[in-house]
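Quick note: the coordinates plus some simple rules give every number you see, no bench work behind them. In this text the structure is predicted, and so the values were computed from the model without any measurement. Note: ideal-geometry Cβ built from the backbone for every residue, glycine included; neighbour counts use all protein chains shown.
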Amino acid sequence: MIHSDWNDWLVRDVEDASPDGVSIWYLGCNGFIVKGRNGTTIFIDPYVGLGDPPRTVRMIPVPFSPADVTEADAVLATHEHTDHVHGPSQAPILESTGATFYAPDDSLAVAREDENWTDEWDVSDDQLTEVTEGDTIEIGEFTLHVEPAHDPDATHPVSYVLEHDAGTFFHGGDTKPGETFDRIGEAYDIDLGVLAFGTVGQIPDKETREPKRTRWYNDENQLVETAAALELDRVVPTHWDMWKGLTADPKVLHHHAKSFDYPRELEIIEIGDRVDLPA
C-alpha cells in the first residue's frame, strides 16, 4: 500500500470542494484531479510511485494515498509509461469508487497483462475501457475528446480535451510538437492546457544502467511551439518537478513565450496547487 507524505488533506480538499465552474489540482509529475460544479471528478495520469531508483528518483512528496480516495468517476491515462499507468497508484481508486479507467490499447495492455489489475485488486474488466483518437465520451458534466499526441518515446500516446460549460481543459500527456496541434487549436477554444517540460539529463539506461543522454519532455522552445499551435489562453508546465536529473525552472518560459500571441498566460503551479476555470 502506498502511504502519503501529506496524509489525506489533499484528497479531503478535493472531495470537500464545491467549484463555481471547474477546479483542477496538480498532483506533481503529470497528474491532475479535475472536478466540476456538479461533483464529477476525473483523475488524469495520477502517479504516486517512487520511480526506479537509482535510475529514476522521485524529487517531490507523495501527495495522497490512493486508498483514501472515495470519490472518482473516471481515471484517464495518456500513454503506457509507468508514471502514467501504474497499478498501485490507480487500481485502488477504481476499487474503492467503481470509477472507469479510460486509456489507449497499449496502456490497457499494461493494466491487464503486465500488472494484472483484475487479479491483484477488486477491479472488474468492464471498468477498463479502451479509447482511441477521434472518440468522444460523456463523463458526468464533462465531454471528453480523445486526440492524437506526439510522444516518440511512447507506443500509443493520446491527448485529452475536456469540455465543460465553464471552460475547456487540455492534457497533452508527454507530447512534443506535432502536426496535429494546429487542427486541435482550431477545433477547440482551449482555456487551459498542460504540457510536459524538462531538461536533458544523464539517466541510467533501463537495460545496461549506463548513463545515457535523455530527453523525455519539451524544452522551452518546444513547449511554446505546442502551446502556440493549440492557441492556449493559459499554459501550465508539468513534469519539471519530478525526476532527479531532468528537473527544470519553468520561470524561463516567460522569456520564450512573450513574443508570441499564444500562450496568453504562463501559469506556474506546484504540487498540491489548485487552478480554476474560469480563472
If each DSSP helix of 4+ residues adds -39,500 (n - 2.57) and the sum is divided by the residues in the chain, what number results at 222 nm, nearest 500 deg cm²/dmol? -4500 deg cm²/dmol
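Can you work out D for the chain in µm² s⁻¹ from Stokes-Einstein, where Rh is the Kirkwood radius over C-alpha pairs, the temperature is 4 °C and the viscosity is 1.567 mPa s? The partial results should precede the final answer.
Working: Rh = 18.7 Å.
Taking Rh from Cα pairs, D becomes 69 µm²/s.
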Ranked by GNM mean-square fluctuation in the chain (Cα springs under 10 Å), the top entry among VAL34, VAL200, VAL146 is VAL200
About the Cα centre of the chain, how large is the charge dipole given +1 on each Lys and Arg Cβ and -1 on each Asp and Glu Cβ? Please answer in debye to the nearest 20. 1140
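What percent does the relative contact order of the chain come to when contacts are Cα pairs within less than 8 Å and at least six residues apart? Working shown, then result.
Working: 670 pairs, mean separation 50.2, N = 279.
Relative contact order of the chain: 18 percent.
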Using a Cα-Cα cut-off of under 30 Å, which lysines could be cross-linked to LYS251, ignoring same-chain neighbours fewer than 8 residues away? LYS35, LYS176, LYS212
Roughly speaking, what is the stretch gain from ASP105 to THR208, that is 0.36 nm per residue apart minus the C-alpha to C-alpha distance, in nm to one decimal? 34.3 nm
Run the quick spin-label model on ASP273 and SER18: label points 7 Å from Cα toward the beta carbon, then report their separation in nm to one decimal. 2.7
Top of HIS239, HIS254, HIS81 by mean-square fluctuation, Gaussian network on the chain, Cα under 10 Å: HIS254
By how many nm would the segment from ASP261 to GLU71 lengthen if fully extended, with 0.36 nm per residue of separation less the alpha-carbon distance? 64.5 nm
Please list 187-199, 53-65 highest first by mean number of surrounding beta-carbon atoms within 10 Å per residue. 187-199, 53-65
Taking H as built 1.01 Å from N, whose amide H comes closer than 5 Å to the amide H of THR168, not counting residues under 5 places away? ASP191, LEU192
Rounded to 5, the percent of DSSP beta bridges in the stretch 9-274 classed as antiparallel: 60
Tell me which of HIS156, HIS255, GLY167 sits at the most positive position along the dipole axis of the chain, charges placed on C-beta atoms (Lys, Arg +1; Asp, Glu -1). HIS255
So for each of 270-276, 147-153 I average, over its residues, the number of other beta carbons within 10 Å; can you give me the resulting order with the highest mean first? 147-153, 270-276
